[in-house]
Structures are given as C-alpha cells and as structure tokens.
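The values are calculated or read from the model by the stated rules, or taken from the named source; none is laboratory data. Computed from a predicted model, the values in this text were never measured in an experiment. Don't worry about glycine lacking a Cβ; one is built from the backbone with ideal geometry, like all the others, and counts go over all protein chains shown.
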Amino acid sequence: MSAVAGAVRQVLPPAVLLVGLIAAWQGAVVVAEIPPFVLPGPAAIASELVEFREPILSAAAVTGRNAALGLLSGGILGVLLALVAAALRLVDALAAPLVTALSAVPVVALAPVLYSMHGAGSEHARVVVAALAVFVPVYLHTLRGLRQVLPVHRDLLRALAATPRQAARVVTLPTALPFVFTGLRLASSLAVISAVVAEYFGGPRSGVGSFITTAAAGSDYAQAWAYVLGAIAVGLLFFTATSLAERAVLRRRPG
Amino acid sequence: MTAAVSVDGVSRVYGTGRAQVVALDDVSLTVEAGQFVSLIGPSGCGKSTLLRLIADLDEPTVGTVRVFGRPAREARLAHEYGIAFQQAGLLPWRTVRANVELPLALAGMGRAGRRERASHLLALVGLADFAEHFPDQLSGGMQQRVAIARALAEEPSLLLMDEPFGALDEMTREHLQTQLLRICAETRAAVVFVTHSIPEAVFLSDRVVVMSPRPGRIREVVPVTLDRAGAADDLDELRTDATFFDEIAAVRAALLDGVSVAQAEGLG
C-alpha cells in the first residue's frame, strides 16, 4: 500500500504541474488570441496528433530505427575501441586527440556531406550521424571505467596468478560496467537528437525530423508540433529503455 | 624441512639518483614452516615492502626471496600462499560465498568442490549464515573475516597478512586475533603478519621482527614465549598474563632502542 502511496506522491505533483501548464497555455492562446505561427494551442496540436497518428507513428518508427542502429553500432564500436585503448597504451595515445576533436565536432553538421556520400535516398547517413554522436561518450566512459580497478584488486589478481583473460572477466569488466551504462544512458538521448536533426538537412522524407520541417515550411504549425511530440516520445522511450537495461544489469551493486 | 620463507640479503630501492629511496637494506629472514612471524616497525620501515616481496607483488633490487624452496615468482604462480590486505578487497558484485570461491574458481576447481570448501571456510570464520549476502551488507570486521576465508581457500601452508586488522576497532580486532590463532592452530600454516600494534604482534607471534626505517632494516628479532598450547581453552586469558606484558615491554624496548619516540612514530 505504502509503495502505491509513494508512487502517487512521486508522480502526482509533476502531473498536476503539467496539466496546469497545458491549461494555462490553452487559456493564453485563446484569451490573448496568439496567432498559430507564433504558438498553436494544445487543443489544435492534440487534434493534429489524433488526425495524423498513423504517419506520426510510422515517422517515429523510422527515426527510432535510425537512432537504435546508431546507438547499437556506435555503442559496440565505443566499447570495443575502449577495450583496445585500455590494453594498448599506444592506441590510447593515438586515439585521445582524435576523440577529443570528434567530441568537439557538432556531428549533425556532417549530415549534408554524408548525404552526398551515401546517396540522398538512403537512411545510412542518419545512422552514421547517430553512431558518431554515440561513440564519443560511450568510448570515454568505458575507457574511464576500465581504469577504475582498485589497487587492492590488482594485487589480489596478481597474488592469485590470474591470467589476463581471467582478470578481465572477474574484475576489470565488472568494474567498468557501471561506467559503460552511464555512457550509454547519455548516448541514448544523443542518438535520438542526432537522428532527428540529421533529417533537417535533407535525405529521404521519412522520419519525424523531415516532417517537422515540411509541416513548418507549409505553415502547418500545429502539425509540426504534433511531430515534435512524436520525437519527444522516441527520446523518452530510448532513455527509459537504457535506464531499465542499466538497472537490470547492475541490480546487485552497492551505492 | 624447507623453510616457509627465506629472504636472503634483500634490498629494495625505489627511483634513481637524488630521488632514490632505500625501502629495504640488506634484509635476511627465515620463517619456518608453521611459524607465526610478525613484522613490526614505524611507517616507512619497509615491513609492507618485505611482505610484498615475499608475495612477489614486487621484486627485490638485490637478493633472493624463496618460498618453500622456490623463487617467489614460481611460488606465486603455484598458489603457494594465501594473502589478506588491510582493505578486505572483496568484489562488491559477488556474494560472500562467490568471493571465497574466487581463488578456487581461478584455479579451475569444479563447482561442487568449490561450494563445499567455501561452506567449510565460512563456518571456520563464523559467517556460515552470511554466505548469500553481499559485502556491502556486512560490517568491516565481517568483511575482513571473509577476506581471511578467501586467503585460506586453497589450504595454503603460508598466509601473508598486511595489517589485516588495521582499520578495525579494538574489540573486533581482539576477537579476530583470537580467531586467527585458532585457525592457524587448525591449518598449521606459517604466517607472515605485518602490523604496527605491539600487543597484536606479541599476542599472535612466535617471533616478532622489529624493523627500523630509512633505510628499512631488521633491528632485532624478539622470540615470544607465551604458552598458547596451555591456554588453548581461552586464548584471551593470555592477554592478562604477566608474560604477555613482559614480552610487550621487550618488543617496545627493541622498537624504541636508540630512537626518540617521535622518530619511532614516523614523525621524525
């Protein structure tokens, strides 16, 4: 019972706030007669959302797929390269400045270039943009995690004459795991943002980003906002999924 | 019978040139099989360094270290010793049982054998009821007992302990000392025990090796003649025995011999 009460107490205040804000928004739009190109009302957005639910859903699926593929490939690449860099000092020394440079590049700015590389009809460029955005935080956090092995654990492994492979399995990887998940959690939002924004720069008209630009260009502001809600839903879905995965894997950890 | 540990003319120097630090200078020491030897001295006297050399966690600059007649490295690779550190160093994502089983698992022992051995060891350190707990659910003293059980996992004939009770409160400390003596009597393992507590060294040891700092040297080896066999029923009675206080005074005199107290405490 108290768990339910706790959940209600946790969920209720933000829910009330949200409802209040939406009501105030609608009220302001009606009372002040704000023109829709400045700010459409929530009622108008909701009716667009209902009317276009199927195209919004399929557009969200396309963007979500691009982001998921980017998260997966960028994540795997980040973890693997971090493992190599942790094992070989030379690779780390070579990669460090490149990764720093890459983290400074606004990756979506590469989208137009990638579209011409992969062909304008292909989704590849968007996956690549998402993967690049994902790679940096996953690589950096994983590498940091791999260096967190406590001196006492290192001594213990040596005293037990553990092979490098045993040491990795028993201590190094479990130590790094929470860091990998921190990187992935950050990266999951980046993957969605990058996939959506990459669609603004061209490519096939398929994902939520493309439809946001089209709707806005056609002065269909309420519809553009409805697609924005679709993008938000994809972002929340990704964040929730990685958080749940993190909780499942790190169930039994102190702190 | 080969000695458990024989250290011969060992020096350990860190760094080079002006930054050079002599941690150990020409140290020789023999620990017979089944013997309990404590290394005591102020901070910087090289007692932990000496233990790490025996464990082959570090290598001497000059001299040889042999464990049961073999070079330290071979002995380590052959799992000849068990080791416990000042920090328990348990793996927090493993249960108590899985932590104790770790050395056995790395040595390739089967699941059933590991389970049985871990149960026995946890009973030995009085933690049978906590096998499925995780380390963060245990107190510091209990974690240290798990670490000792882990050190005993492969039935080593040599136990190396680096201030294992250093971070514990006095009550827990005395309790664990008594348990350790009981375990040693049962397993007949030789022990090299680093400490900076004089009563602890005297209570536990057959011989107390008193060391001095800068450079780290053995100043004196004090034999302890407590009648542990006679007090087997209640080892704690030894703590109020007159001999106990005499031996403490002897070790104390050796420690302070020719040094001011401030220097002996590592402040000088």
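Of all residues in the range A:79-95, at least one satisfies being within 30 Å of A:Gly202 (Cβ to Cβ) and more than 14 Å from every other protein chain (Cβ to nearest Cβ). Checking each residue in the range B:181-205 for being among the hydroxyl-bearing types (Ser, Thr, Tyr) and assigned to a strand (DSSP E or B) picks out only B:Thr195. Of the residues making up the range A:117-128, not a single one is out of contact with any strand residue (DSSP E or B) (no Cβ under 8 Å at 6 or more places or on another chain), under 29 Å from A:Ala176 (Cβ atoms), of a type outside the set (S, T, N, Q) and free of Cβ contacts under 8 Å to residues at least 24 places away in the same chain.
Yes or no, residue by residue, for (1) of a type in the set (A, V, I, L, M); (2) under 19 Å from B:Phe130 (Cβ atoms); (3) more than 10 Å from every other protein chain (Cβ to nearest Cβ); (4) assigned to a helix (DSSP H, G or I):
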| position | (1), (2), (3), (4) |
| --- | --- |
| B:Arg76 | no, no, no, yes |
| B:His79 | no, no, no, no |
| B:Gln86 | no, no, no, no |
| B:Gly89 | no, yes, no, no |
| B:Pro92 | no, yes, no, no |
| B:Asn99 | no, yes, yes, yes |
| B:Ala112 | yes, no, yes, yes |
| B:Arg117 | no, yes, yes, yes |
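So, of the residues in the range B:147-194 that are touching a helix residue (DSSP H, G or I) at 6+ places or on another chain (Cβ under 9 Å) and basic (Lys, Arg), which turns out to be surrounded by the fewest Cβ atoms within 10 Å (Cβ to Cβ)? Within the range B:147-194, the match that is surrounded by the fewest Cβ atoms within 10 Å (Cβ to Cβ) is B:Arg182. If A:Ser103 passes every condition in (1) away from chain B (no Cβ under 14 Å); (2) at pLDDT 90 or above but one, which one does it miss? With (1) away from chain B (no Cβ under 14 Å); (2) at pLDDT 90 or above applied to A:Ser103, the lone miss is (2).
If the condition is being surrounded by fewer than 24 Cβ atoms within 10 Å (Cβ to Cβ), charged (D, E, K, R) and part of a helix (DSSP H, G or I), then the range A:119-143 contributes no residue at all. Within the set A:Leu146, A:Leu110, the sole residue that is hydrophobic (A, V, I, L, M, F, W, C) and at pLDDT below 90 turns out to be A:Leu110.
Entry remark, the range B:40-58: residues being within 12 Å of chain A (Cβ to nearest Cβ) and farther than 26 Å from B:Leu104 by Cβ number 1 in total. The condition of being free of Cβ contacts under 8 Å to residues at least 40 places away in the same chain and assigned by TED's automatic domain parsing to the domain that holds B:Ala72 holds for only one of B:Ala131, B:Ala201, B:Ala229, that being B:Ala229.
Tell me, which residue of the range B:61-74 that is at negative phi, more than 19 Å from the chain's Cα centre (by Cα) and not basic (Lys, Arg) is nearest to the other protein chains (Cβ to nearest Cβ)? My answer is B:Glu74.
Considering (1) at pLDDT 90 or above; (2) in contact with an Asp or Glu (Cβ under 8 Å, 6 or more places away or on another chain); (3) among the β-branched types (Val, Ile, Thr), the lone condition that A:Val208 does not fulfil carries the number (1).
Within the range A:234-248, the only residue that satisfies the criterion of being among the hydroxyl-bearing types (Ser, Thr, Tyr) and either touching a Pro at 6+ places or on another chain (Cβ under 9 Å) or over 9 Å from A:Arg185 (Cβ atoms) (or both) is A:Thr240. Being farther than 26 Å from A:Ala233 by Cα and of a type in the set (Gly, Ala, Ser) holds for only one residue in A:Ala109, A:Ala32, and it is A:Ala32.
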